[in-house]
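J.: One structure coming up, written as structure tokens, with questions to follow.
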Amino acid sequence: MIHQNKWEQRWHPLRGEWVIVSAHRQDRPWQGGKLPSPPPTPPPYDEKCFFCPGNPRISGVRNSAYQDVFVFNNDHPCVGPDAPRELDRPAGIYQNRPAVGMARVVCYSPKHNLSLGELGLSEIERLLIALRDQYAELGSHPDVSHVLVFENRGEVVGVSNPHPHCQIYATNFVFKIIETEARLCREHFAKTGRNLFQDILAAESEDGRRIIFENSSAVAFMPYFARYAYECFVAPKAMHSGLAELSAQELRDFAQALKMLLVRYDNLWRMPFPYVMTLHHAPTDGQDYSNFHFHIEFQPPLRKPNLLKYLAGPEIGGGNFLSDTLPEEKAQELRNLPDVHYKQEQA
Ligand SMILES: [Zn+2]
Ligand SMILES: [Zn+2]
């Protein structure tokens, strides 16, 4: 039975949908050959960068000579306090409303040439603390229902500035994926009396093949129902609805699990590994999220160094994913990689 478990459908419990695993059509895992030439390593400071310390941004505002994590209001906000309040009413049943909210940028480090996985553990911890504080500040605003923190990394996901940074959108609505997860967690609890994410962690631990890294209180894993070839989650093992609930030790462990995953991502093809990273944090709209388990998700768009996962008929047209790879095989690739970043190897 060569094709066993290579051709099947897997249930995605956090989205409430099927993923078609169709890895029997896939050629073997990438085994060497020509890698695309990695982009030249940028300098630690770039005078043209809008995010480097002391430089003027596009708005003309000058960045401070910051030494650590640096947060500022996005100069091109998609939601903002200045969004037009007086809108034309659309026809018939259509609805609109002002695009109010807050959009911010968070620079991880003053160093232009570093990435999240190259930061030291204490720097990652300080970043998580800064994000926790942003969440508390923005989430306490009466108009804010949710705080979405995300990083787009790499030109294939539209980022041309390599300066390490993420973005925050504080919105008057809950982003769809978080809303769906929260609903499914609530329904699972009503049906079983158990927490859905705890059940996922238990199943991952029982199987074991997709765990990339774990320590006493945090885990990085590729979920059974991964939709992208290298999709991974990082989570605290205990039930916490957000970063603010993690103890100092849990925060340290979480930072380590995050780093261990990111280092493997970059080591996979010895190049900066593109991804979309999103913090899945409980909403701040005042409802009960005691069943929501905080975690970070990574959706990397590449299947191979030169090959994007194209979203087409099934994904864009139909709304369900077709996965061309087997999560157990892809997780194995990541597990086997060294845990020292290739740029930081001793010569
Ligand atoms: Zn920079
Ligand atoms: Zn999630």
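J.: Within the chain, which cysteines find no other Cys whose Cβ is under 4.7 angstrom from their own?
T.: Singleton cysteines: CYS78, CYS107, CYS166, CYS185, CYS232.
J.: Hey, another quick one. Starting from the Cα of LYS6, draw a straight line to each of the aspartates and glutamates and keep only those under 15 Å, dropping any in the same chain fewer than 8 residues away.
T.: Within the straight-line cut-off, LYS6 pairs with ASP27, ASP324, GLU328, GLU329.
J.: So, one more: Arrange the peptides 227-235, 308-316, 123-131 so that the one whose residues have, on average, the most other Cβ atoms within 10 Å appears first.
T.: In decreasing order of mean packing, 227-235, 308-316, 123-131 become 227-235, 123-131, 308-316.
J.: Okay, moving on. Residue by residue through the stretch 279-287, which ³J(HN,Hα) values in whole Hz follow from phi under the Karplus form 6.51 cos²θ - 1.76 cosθ + 1.60 (θ = phi - 60°), with glycine and proline marked x?
T.: 7, 9, 10, 4, x, 10, 8, x, 7
J.: Give the peptides 73-82, 12-21 in descending order of average Cβ contacts within 10 Å, highest first.
T.: Sorting 73-82, 12-21 by mean packing, highest first, produces 12-21, 73-82.
J.: For the chain, state the semi-axes of the equivalent ellipsoid (square roots of 5 times the eigenvalues of the alpha-carbon gyration tensor), sorted largest first and rounded to whole angstrom.
T.: One finds semi-axes of 30, 27, 21 Å for the chain.
J.: Given a Förster distance of 45 angstrom, what is the FRET efficiency for ASN96 paired with GLN332, based on the Cβ-Cβ distance and rounded to 0.05?
T.: Using R0 = 45 Å, I get an efficiency of 0.40.
J.: Tell me, what is the per residue accessible area of the chain in Å², probe radius 1.4 Å?
T.: About 49 Å² of surface per residue is accessible.
J.: Could I ask something else about it? Report, in whole Å, the centroid distance computed from the Cα atoms of the stretch 271-347 and the stretch 240-265.
T.: 16 Å
J.: Normalised by the number of residues in the chain, what is the relative contact order in percent for Cα pairs under 8 Å and 6+ residues apart?
T.: 21 percent
J.: While we're here: In the stretch 230-276, what percent of the accessible surface is made up of carbon and sulfur (1.4 Å probe, ligands and nucleic acids excluded)?
T.: With neighbouring chains kept in place, the figure for the stretch 230-276 is 56 percent.
J.: Using 0.36 nm per residue, how much length does the chain from VAL159 to SER247 gain when fully extended, once their Cα-Cα distance is taken away?
T.: Length gained between VAL159 and SER247: 28.3 nm.
J.: Related question: Which aspartates and glutamates does LYS343 reach when only Cα atoms under 13 Å apart count, and residues fewer than 8 places away in its own chain are ignored?
T.: Straight-distance partners of LYS343: GLU118, ASP266.
J.: Treat each spin label as a single point 7 Å out from the Cα along the C-beta direction, and report the GLN198 to LEU311 distance in nm.
T.: That separation, rounded to one decimal, is 3.3 nm.
J.: Order 109-115, 155-161, 199-205 from most to least packed using the mean count of other Cβ atoms within 10 Å.
T.: So the order, starting with the most tightly packed, is 109-115, 199-205, 155-161.
J.: In deg cm²/dmol, rounded to 500, what helix-only [θ] at 222 nm does the chain give when every DSSP H run of at least 4 residues adds -39500 (n - 2.57) and the total is split over its residues?
T.: My calculation for the chain gives -7500 deg cm²/dmol from helical runs alone.
J.: GLU137 versus MET239, label points 7 Å from Cα toward the beta carbon: distance in nm?
T.: Label at GLU137, label at MET239, 3.2 nm between them.
The values are calculated or read from the model by the stated rules, or taken from the named source; none is laboratory data. Nothing here was measured: the structure is a model prediction, and the numbers come from that model. Neighbour counts run over all protein chains shown; Cβ positions are idealised from the backbone, glycine included. For accessibility, only protein heavy atoms count, side chains too; no ligands or nucleic acids. Shrake-Rupley method; radii C 1.70, N 1.55, O 1.52, S 1.80 Å.
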